[in-house]
Amino acid sequence: MKPINQRAWFLVLPVFLCVAFSAILPLMTVVNYSVQDIISPERRVFVGTEWFAAVLRDEELHGALLRQLGFSLAVLLVEIPLGICLALSMPAQGWRASAVLVVVALSLLIPWNVVGTIWQIYGRADIGLLGAALQALGVDYNYTGDATDAWVTVLVMDVWHWTPLVALLCFAGLRSIPDAYYQAARIDGASKFAVFRYIQLPKMRGVLMIAVLLRFMDSFMIYTEPFVLTGGGPGNATTFLSQYLTQKAVGQFDLGPAAAFSLIYFLIILLLCFILYNWMQSVGTQDKSEVAHG
Amino acid sequence: MDERRFRKRSIFLIAYLLFALLPIYWMVNMSFRSNEEILSSFSLWPQHFTLASYKTIFTDPSWYDGYINSLIYVAINTVISIGVALPAAYAFSRYSFLGDKHVFFWLLTNRMTPPAVFLLPFFQLYTTLGLMDTHIAVALAHLLFNVPLAVWILEGFMSGIPREIDETAYIDGYGFPRFFLTVFLPLIKAGVGVAAFFCFMFSWVELLLARTLTSVNAKPIVATMTRTVSASGMDWATLAAAGTLTIVPGAIVIWFVRHYIAKGFAMGRV
């Protein structure tokens, strides 16, 4: 295995300092706020866990959390398979490969507030292509008035925006498979599905893990796009956790509860990512033993 | 059989590319129209083609400075991210040391903090340090989510390089810095390209932190664009033109790294 070398810490030190500077200091500030009642910059009272208890009892928060979980789950269920399919169908070489790569990556490069604004027009039935097309097909589509339409629009927008990330990672993973593997599979007369299941999927495991975790955490923190597109409405159909938090922190100047909320929010993401991370690692190892035995 | 399979694949690919391009086409379409035309009628292409929005952006310093500011802090951020991530990724891929797995996961957890959580603490921290409204402030703040990602991606690439290469180099009398720069770095070029692209992208499109930490001198284009929202209504055309222009630098970057992505990486450990 890897040799033990404590001096390797020196190589990690720069990263440690950088991230500590921009993570630990601010995080400590948040922790500090979360246990105090800040009445004015000079007057603050220690309140212990009061804010945490208040936040945990908050009914609106439960609603936002459930909507968030549903949304992130939907994002993963749509984007991961779609991204894999897209990566499998992208040409491997030549000018077409380059062109497709650039076109696929375009949506990633648009600032998030522009994404929301463009979809705002794009989805309008009177002047937007998507809205007008759906209207012409006889669908009664109105994302500003109907909760389901709004939710689906935010989801489709996210799929459009972020599937390329999954596809690019998977594409890079697929390209690393040596031709010899495919030749061996052809000699064995393996079906297309078998090639996918036993060669391509295991080889993509590493990149898929990055893709799933990145998409999970980023969708769990989604803020700008729905804020611009729907403003969280209609009602609170598309008010996800981030937006609810910002409403609290900025809208009501409630620093203490907002800080407590932030920490709970962070712990939820951390816990879910930890479960996902370990689950995916065990799935991978099971696969390996299966292949070894079969 | 193969022919039909090939065709099914192409149809899927073309359908996806259409889905990907239509909203972008709509944005470009809007950028060549006037606000009145955008809001008054539905049309698949500009009826009265105009470059007025682009003219506004290219002649008004408060607009084009936004692009320059963004490019400056994104470049600083990408250089620092890759610079500190390279040695760390090497350490994670080659050695075991006290707490290595925990530190690795801890790094990833920093990508999981919602930027909204850090707005106020960052504001206070950078005000205290006197770094508000500087490019370096935004670049440092963006390290929060870019450094972990860069370490993660680079570690995957490095684990794909056999360790015998390091050992041979050391036996040949290379010191670590010389080995790293002249032997190892060229081997993981592809990884550096891919990691740099992701750092560039995430820093380029981030709005919340960049907007909070700047006011005038380092105001990024994403923040400048929020100006198009005013009491008198949205300036859709200028926003669309600005959006179209924000794609350009990223498209150039991906053009340069496309071969690296096409060369592939599988990620060893993770």
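Only the coordinates and a few stated rules stand behind these numbers; no lab work does. Bear in mind that the values here come from a model prediction, so they are computed numbers and not experimental data. Here Cβ is always computed from backbone atoms with ideal geometry, including for glycine, and neighbour counts include all displayed protein chains.
About its Cα centre, the dipole of the stretch A:16-108 is roughly 360 debye, where the only charges are +1 on Lys and Arg Cβ and -1 on Asp and Glu Cβ. Two numbers describe the Cα atoms of the stretch A:84-125: Rg and Dmax, which are 14.0, 40 Å. When the protein assembly as shown is described by a simple charge dipole with +1 on each Lys and Arg Cβ and -1 on each Asp and Glu Cβ, the residue from B:A15, A:L272, B:P177 located farthest towards its positive end is B:P177. Using 0.36 nm per residue and subtracting the Cα-Cα separation, the extra length available between B:I165 and B:I11 on full extension is 51.0 nm.
With the alpha-carbon atoms of chain A aligned to their principal axes, the span from lowest to highest coordinate is 76, 66, 34 Å, starting with the largest. For the protein assembly as shown, the 222 nm mean residue ellipticity estimated from helices alone, with every DSSP H stretch of n ≥ 4 adding -39500 (n - 2.57) and the total spread over all residues, rounds to -22500 deg cm²/dmol. Against chain A, whose longest principal axis comes from its Cα atoms, helix A:147-175 is set at around 40 degrees.
Taking every alpha-carbon pair under 8 Å whose residues sit at least 6 apart, chain A reaches a relative contact order of 27 percent. Other residues lying with their Cβ under 13 Å from the Cβ of B:R258 contribute a combined charge of +3, Lys and Arg counting +1, Asp and Glu -1. Centroid-to-centroid, using Cα positions, the stretch B:242-257 and the stretch B:7-44 are 18 Å apart.
For the protein assembly as shown, the convex hull spanned by the alpha carbon atoms encloses 182 Å³ per residue. Ranked by the mean number of other Cβ atoms within 10 Å of their residues, highest first, the peptides A:87-96, A:70-79, B:172-181 come out as A:70-79, A:87-96, B:172-181. The radius of gyration of the Cα set in chain B, together with its Dmax, comes out at 22.7, 74 angstrom. Taking every full run of DSSP H in chain B, the ones that stretch at least 15 Å from end to end by Cα along their long axis and average -1.0 or higher on the Kyte-Doolittle scale are B:2-31, B:61-94, B:115-128, B:135-159, B:189-205, B:236-263.
For B:Y73, neighbours were defined as the other residues whose beta-carbon sits under 15 Å from its Cβ, and their charges (Lys and Arg +1, Asp and Glu -1) total -1.
Here the stretch B:151-229 is assigned +1 on the Cβ of each Lys and Arg and -1 on the Cβ of each Asp and Glu. Its dipole about the Cα centre then comes out at about 600 debye. Among B:M132, B:M30, B:M112, the ranking by other beta carbons within 10 Å of each residue's beta carbon, starting with the fewest, stands as B:M132, B:M112, B:M30. Taking Cβ atoms as reference points and 15 Å as the exclusive limit, the residues near A:S22 contribute a net charge of 0, counting Lys and Arg as +1 and Asp and Glu as -1.
I need A:L276, A:L263, B:L143 ordered by Cβ neighbour count within 10 Å, fewest first. Going from sparsest to densest Cβ surroundings: A:L276, A:L263, B:L143. Taking every alpha-carbon pair under 8 Å whose residues sit at least 6 apart, the stretch B:112-267 reaches a relative contact order of 36 percent.
Principal axis extents of the Cα atoms in the stretch B:164-249, from largest to smallest and rounded to whole angstrom, are 72, 24, 16.
Look at where the Cα atoms of the stretch A:1-35 and of the stretch B:56-129 average out, and the two centres are 14 Å apart. Peptide A:122-129 is shielded by partner chain Cβ atoms: per residue, an average of 5 of them sit within 10 Å of its Cβ.
Legend: ranking of residues B:H142, B:H135 from fewest to most surrounding C-beta atoms inside 10 Å; resulting order B:H135, B:H142.
The distance separating the Cα centre of the stretch A:112-132 from that of the stretch A:63-82 comes to 22 Å. Net charge dipole, the stretch B:1-141: roughly 780 debye, given to the nearest 20, about the Cα centre with Cβ charges of +1 for Lys and Arg and -1 for Asp and Glu.
The trypsin sites (Lys or Arg not before Pro) found in the stretch A:158-210 include none that occupy coil by DSSP while having at most 11 further C-beta atoms within 10 Å. Relative to the longest principal axis of the Cα atoms of chain A, the long axis of helix A:94-105 makes an angle of roughly 20 degrees. Restricting attention to chain A, the count of lysine pairs at 8 or more positions apart or across chains with alpha carbons under 26 Å apart stands at 5. Between helix A:8-19 and chain A there is an angle of about 50 degrees, using the helix long axis and the longest principal axis of the Cα atoms. Using the Cβ-Cβ distance between B:I252 and B:Y25 with R0 = 25 Å, the FRET efficiency computed as 1/(1 + (r/R0)^6) comes to roughly 0.80. For chain B, relative contact order (Cα pairs under 8 Å, six or more residues apart, normalised by length) works out to 32 percent. Express in % the proportion of alpha carbon pairs of the stretch B:14-150 at distances exceeding 19 Å. Of the Cα pairs, 70 percent sit more than 19 Å apart.
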